[in-house]
Amino acid sequence: MSLFGGTAAPAGDASGPYDSIAFAGPQGELKKLTRAEFEKLPLVDRVRLLSGGQLRFFRGGQEVAASSALKR
């Protein structure tokens with residue numbers, strides 16, 4: 001079962017190695033962002049999330065390794 005509903009492009013698609021992320025919010029709630037929403041965050045916020053080690057990356061509803069998701 002997928003953490004996110006719906007469908008996305010297959011993993012080999014040229015649009016990128018991930019299409020969404022999930023992380024625990026300040027109250028422990030699950031926060032979800034699309035790739036576009038994440039990339040619109042100020043750099044300092046993205047770095048804070050990345051350095052916290054709590055981001056989970058997804059492609060087509062399937063979790064992918066951060067090392068794969070962040071390759072360009």
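Every read-out reported here was derived from the displayed coordinates using simple, explicitly stated rules and does not represent laboratory data. No experiment lies behind these values; they were computed from the predicted model shown. Note that we place each Cβ from the backbone using ideal geometry, even for glycine, and neighbour counts take in every protein chain shown.
Arranged from highest to lowest average of other beta-carbon atoms within 10 Å per residue, in what order do the peptides 33-40, 52-59 appear?
Result, highest mean Cβ count within 10 Å first: 52-59, 33-40.
What does the highest-first list of 64-71, 42-49 look like by mean Cβ count within 10 Å?
64-71, 42-49
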